[in-house]
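Colleague: Structure provided below as structure tokens; questions to follow.
The values are calculated or read from the model by the stated rules, or taken from the named source; none is laboratory data. Since the model is a prediction, treat every value here as computed from it, not as a measurement. Glycine gets a Cβ as well: all are built from the backbone with ideal geometry, and neighbour counts include every protein chain shown. Heavy atoms of the whole protein, side chains included, go into the accessibility calculation; ligands, DNA and RNA do not. Shrake-Rupley method; radii C 1.70, N 1.55, O 1.52, S 1.80 Å.
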Amino acid sequence: MTMRSLLSDHSHYVESFHLFLENSTEHHCMLEFIEKKLLGILSSIGNGKSAINVLSVGGGAALSLSLSSLALSPPRPLLPLICVLGEIDLQILTKLQAKYPGVVIHNDVVEPSAEQIIAYKERVANTSNLENITFTWHKETSLEYESRMKASKEMRKWNFIHMIQMLYYVQDIPATIRFFHSLLEPGAKLLIILVSGTSGWARLWKKFGPRLPLNDLCMYVTSAHIEEILDGAGQRYQSYELPSDMDITDCFIDGNKNGELLLDFLTETCNFSKTAPLDLKNEIVEDLKKLEYSEKRGDKYFFNNNLSAIVIES
Ligand SMILES: C[S@@+](CC[C@H](N)C(=O)[O-])C[C@H]1O[C@@H](n2cnc3c(N)ncnc32)[C@H](O)[C@@H]1O
């Protein structure tokens, strides 16, 4: 059997992604950032305005699993999952709504996956107190959105644009950042969240990336790359480190189903344990215990899942 990308098997991807969310503080650290930092950062975007325009690029999944894809996974308690549907996007919006009472918020979502859009819509339908917020979904990639805007010569401008955990899927990152930056109103901000250049992910991709089945739909990009691009372009920005970790202890228990799924997520490989050459598997599993990747607390190992939030000025 040869190794193949995890992204080539949607239900397998969803299952391992779900486990990643359960075992990591990914979601929690983003919510904390929104609560403690982002609102301050966005403090000026709505001043004196009767409407705030927010563009969410790749906002569909919002760390969610659509109900239809869940049906493919082993049965799990549904409630906690429903709670994460659309959570990040909606958290941002409801915080803005609370900060600017009475101001209308127009939220446009650029998202290529029909399934993710359905999940997002379900979440909106089941959330109360979204009265002053309007939603428009565009089923398209960021590049399709860019082409459509350029062709229409419309170039609608925005007060806040965010790209959370999505630039991995974009081919020309500098051009994408340039385009969305050009859509900012004066005083507006563009937020990018990606894994940090100091995370275990960065080390893992650097060392093992060439030996893993990288799907050309997904790039091994970290906040360090984005900062290089921004520095090169002379953009003004501010970076925030979001400490996060993932309990990977199960990865070291031979034959453990959850451990295998987490290894699949870490290596972005379908059935990594069964399809990877033995030397590669042994090397990765041994490395994951090392301090560069994980911290040992008691008898548990926590992989460094730090994220970076980069806020670019207009
Ligand atoms: C890992 S999810 C992140 C979702 C969400 N922003 C969050 O973190 O809460 C990545 C999302 O980007 C979307 N995506 C993938 N390629 C894209 C592209 N070229 N343009 C816009 N969105 C894309 C995916 O469909 C998915 O919904």
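Colleague: With unit charges on the beta carbons (Lys and Arg positive, Asp and Glu negative) and the dipole taken about the Cα centre of the stretch 127-268, which residue among PRO174, TRP205, LEU184 sits farthest to the positive side?
Modeller: Selected residue: LEU184.
Colleague: What's the magnitude of the charge dipole for the chain around its Cα centre, counting Lys and Arg as +1 and Asp and Glu as -1 at the beta-carbon? Answer in Debye, nearest 20.
Modeller: Computed charge dipole of the chain: roughly 660 debye.
Colleague: Which angle between 0 and 90 degrees, to the nearest 10, do you get for helix 142-152 versus the longest principal axis of the chain when only C-alpha atoms count?
Modeller: Between helix and principal axis, roughly 30 degrees.
Colleague: Once amide H atoms are built 1.01 Å from N in the peptide plane, which residues 5 or more positions from LEU242, or in another chain, come under 5 Å H to H?
Modeller: LEU307, SER308, ALA309
Colleague: Taking the Cα centre of the stretch 121-202 as origin and charging only Cβ (+1 Lys, Arg; -1 Asp, Glu), how large is the dipole, in debye to the nearest 20?
Modeller: The calculation lands at about 140 debye.
Colleague: In the structure shown, do any of LYS257/LYS290; LYS99/LYS300; LYS139/LYS257 have a Cα-Cα gap over 31 Å, and if so which? Write down the numbers at each step before the final one.
Modeller: Working: LYS257/LYS290 22 Å; LYS99/LYS300 40 Å; LYS139/LYS257 35 Å.
From LYS257/LYS290; LYS99/LYS300; LYS139/LYS257, over 31 Å: LYS99/LYS300; LYS139/LYS257.
Colleague: Okay, next question. Which ³J(HN,Hα) values, rounded to whole Hz and listed in residue order, are derived for the stretch 168-175 from phi using the Karplus coefficients 6.51, -1.76 and 1.60 in 6.51 cos²θ - 1.76 cosθ + 1.60 with θ = phi - 60°, glycine and proline given as x?
Modeller: Residue by residue, the stretch 168-175 yields 4, 9, 10, 6, 10, 5, x, 5 Hz.
Colleague: Okay, moving on. With all protein chains present and a 1.4 Å probe, how do HIS162, HIS225 order by accessible area, largest first?
Modeller: Working: HIS162 5, HIS225 75 Å².
Ranked list, largest accessible area first: HIS225, HIS162.
Colleague: Could I ask something else about it? So with the 1.4 Å probe, I'd like the accessible area per residue for the chain, rounded to whole Å².
Modeller: Values: 13970 Å² over 314 residues.
Spelled out: the 1.4 Å probe surface of the chain, per residue, equals 45 Å².
Colleague: With contacts defined as alpha carbon pairs under 8 Å and 6 or more residues apart, what's the relative contact order of the chain in percent?
Modeller: Relative contact order here is 24 percent.
Colleague: Give the carbon-plus-sulfur fraction of the accessible surface of the stretch 206-314 in %, rounded to a whole number; probe 1.4 Å, heavy atoms of protein chains only.
Modeller: 49 percent
Colleague: Counting Lys +1, Arg +1, Asp -1, Glu -1, what net charge surrounds CYS270 among other residues with beta carbon under 13 Å of its beta carbon?
Modeller: Working: positive: ARG4, LYS274; negative: ASP9, GLU15, GLU260, ASP264, GLU268.
So the environment of CYS270 carries a net charge of -3.
Colleague: OK, next. For the chain, build the charge dipole from Cβ charges (+1 Lys, Arg; -1 Asp, Glu) around the Cα centre, then report which of PHE303, ILE161, GLN91 sits farthest towards its positive end.
Modeller: ILE161
Colleague: Further question on the same structure: Just SER128, SER239, SER147 to compare: in a GNM of the chain, with alpha carbon springs under 10 Å, which one fluctuates most?
Modeller: Looking only at SER128, SER239, SER147, the largest GNM fluctuation is found for SER128.
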